[in-house]
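See structure below.
The values are calculated or read from the model by the stated rules, or taken from the named source; none is laboratory data. Bear in mind the structure is a predicted one, so any value in this text is a computation, not a measurement. In this analysis, Cβ positions are derived from the backbone assuming ideal geometry, glycine residues included, and neighbour counts consider all displayed protein chains. The area values use the complete protein model at the heavy-atom level, side chains included, leaving out ligands, DNA and RNA. Shrake-Rupley method; radii C 1.70, N 1.55, O 1.52, S 1.80 Å.
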Amino acid sequence: AAVTAVVAAPGGGPPQHRHESTVVRAAFDRPFGFLAVHRESRLVLAAGWVTEPTVVS
């Protein structure tokens, strides 16, 4: 004979998610410029221009 015991612990509900995520897809198939900006100081850290983007499938 076998005996199985299961005890429910208080507060064992589903986990609370603290962050929300979003998935964004973009196609850069023409020339474009970009900036990397420090959010707090608004200082531009890097800038560039891509004239011939590579197509990735």
- Within region 39-57, restricting to residues that are β-branched (Val, Ile, Thr) and open to solvent by less than 100 Å² (accessible area, probe 1.4 Å), the one that is farthest from Phe28 (Cα to Cα) is Val44
- Can you find even one residue in region 14-28 that is within 26 Å of the chain's Cα centre (by Cα), at pLDDT 90 or above, surrounded by 10 or more Cβ atoms within 10 Å (Cβ to Cβ) and not aromatic (Phe, Trp, Tyr)? no
